[in-house]
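What follows is a single structure, written as structure tokens, with notes after it.
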């Protein structure tokens with residue numbers, strides 16, 4: 001249908017399938033003889049039809065949460081039996097810290113928090129969109145892992161070679177963070193992430 | 001690139017909870033739709049939903065073809081749905097049929113498939129498209145959702161405003177997104 005291709009352009013086929021344009025005589029004639037274009041058109045029509053008729057409802061959130069819990073409640077604990085479990089305490093929060101002299105408050109930007117234990121510090125950065133990232137300082141973190149968990153959301157990620165981790169934007173809520181390190185499990189029991 | 005079912009199942013076997021959650025996100029609508037389309041109410045469908053995922057957890061080391069997890073879940077959901085339907089019917093009959101226990105009546109109930117194959121195939125196709133859609137870039141996901149997943153398609157003026165673009169560019173973008181979607185479906 002052009003000097004480059006004997007077939008109808010995909011955009012035109014989508015227009016025909018989506019009934020955005022009336023089919024010209026030339027296109028109808030081509031479709032009646034070209035199996036490539038007619039089969040392509042049929043696939044587009046079927047796909048659009050299936051999307052438009054997709055009225056599958058989402059299961060209630062409570063059912064999904066229960067299904068998620070199946071794993072947590074039944075999986076054998078992966079924590080090493082000799083691992084020490086410690087709770088980290090908050091030692092710095094940029095939301096509550098007064099800005100340094102001559103600096104404006106940084107509350108409009110991200111939030112920085114530092115949690116400390118005897119052996120390791122955890123630096124957390126939370127963006128205004130609730131993207132959570134951070135780094136473990138002062139501890140070895142080979143094969144380390146970080147879990148982030150609230151009533152309605154949970155995610156897990158591995159630490160990289162610099163002991164850093166990051167999560168995409170997470171829903172607002174109260175989170176528990178667990179950092180799994182060799183021989184050590186560090187808990188941050190409560191982190192509020194606002195809307 | 002989204003992980004395959006096989007990759008997710010293997011990760012679950014190794015104790016990765018995040019992969020379990022991805023599997024639930026991927027299949028929750030399909031698994032829930034099967035009992036619902038078979039006529040079970042929300043609570044009953046919830047019971048089937050829970051049973052399917054508990055069974056998946058218990059059997060995940062025994063699934064010989066992890067790349068056929070989709071078929072395994074559909075079959076399990078159908079079976080659990082059928083069992084619940086049959087039990088319900090038997091109990092109803094037992095209530096009106098004095099002198100027989102529910103179990104005795106249950107044994108006489110005819111084995112009827114809860115869902116016609118055509119309906120099931122449609123559900124599976126719709127699930128396949130949803131999965132492919134989730135692998136598209138966010139812009140394409142948003143556009144195709146606004147165009148095809150709403151009871152009334154969004155007008156071009158609303159889409160143009162949502163994308164900060166002109167109405168004239170929506171047609172070509174829609175075609176580009178649909179082309180990518182079809183390519184993913186053919187993989």
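The values are calculated or read from the model by the stated rules, or taken from the named source; none is laboratory data. Given the structure is predicted, the values throughout are model-derived calculations rather than measurements. Cβ coordinates were reconstructed from backbone atoms using ideal geometry, including for glycine residues, and neighbour counts include every protein chain displayed.
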Inset, instruction - Answer with yes or no whether residue A:39 is within 30 Å of the chain's Cα centre (by Cα), exposed (fewer than 15 other Cβ atoms within 10 Å of the Cβ) and either within 7 Å of another protein chain (Cβ to nearest Cβ) or assigned to a helix (DSSP H, G or I) (or both). - result: no
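Given A:160, A:143, which one is out of contact with any strand residue (DSSP E or B) (no Cβ under 8 Å at 6 or more places or on another chain) and free of Cβ contacts under 8 Å to residues at least 60 places away in the same chain? Full working, then the answer.
On the way: A:143 fails: out of contact with any strand residue (DSSP E or B) (no Cβ under 8 Å at 6 or more places or on another chain).
Selected residue: A:160, the only one of A:160, A:143 that is out of contact with any strand residue (DSSP E or B) (no Cβ under 8 Å at 6 or more places or on another chain) and free of Cβ contacts under 8 Å to residues at least 60 places away in the same chain.
For (1) in contact with a helix residue (DSSP H, G or I) (Cβ under 9 Å, 6 or more places away or on another chain); (2) in a helix (DSSP H, G or I); (3) surrounded by 12 or more Cβ atoms within 10 Å (Cβ to Cβ); (4) in contact (Cβ under 8 Å) with a residue 60 or more places away in the chain, each residue gets a yes or a no:
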{"position": "B:115", "(1), (2), (3), (4)": "yes, no, yes, yes"}
{"position": "B:129", "(1), (2), (3), (4)": "yes, yes, yes, no"}
{"position": "B:133", "(1), (2), (3), (4)": "yes, yes, yes, no"}
{"position": "B:140", "(1), (2), (3), (4)": "yes, yes, yes, no"}
{"position": "B:144", "(1), (2), (3), (4)": "yes, yes, yes, no"}
{"position": "B:161", "(1), (2), (3), (4)": "no, yes, yes, no"}
{"position": "B:165", "(1), (2), (3), (4)": "yes, no, yes, no"}
{"position": "B:178", "(1), (2), (3), (4)": "yes, yes, yes, no"}
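Please work out if residue A:152 is at pLDDT below 85, within 15 Å of the chain's Cα centre (by Cα) and in a loop (DSSP other than H, G, I, E, B). Before the answer, list the steps.
Details: at pLDDT below 85: yes; within 15 Å of the chain's Cα centre (by Cα): yes; in a loop (DSSP other than H, G, I, E, B): yes.
Yes, satisfied.
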Legend entry - Residue that is surrounded by the most Cβ atoms within 10 Å (Cβ to Cβ), among those in the range B:20-41 that are farther than 24 Å from residue B:116 by Cα and facing chain A (nearest Cβ under 9 Å): B:20
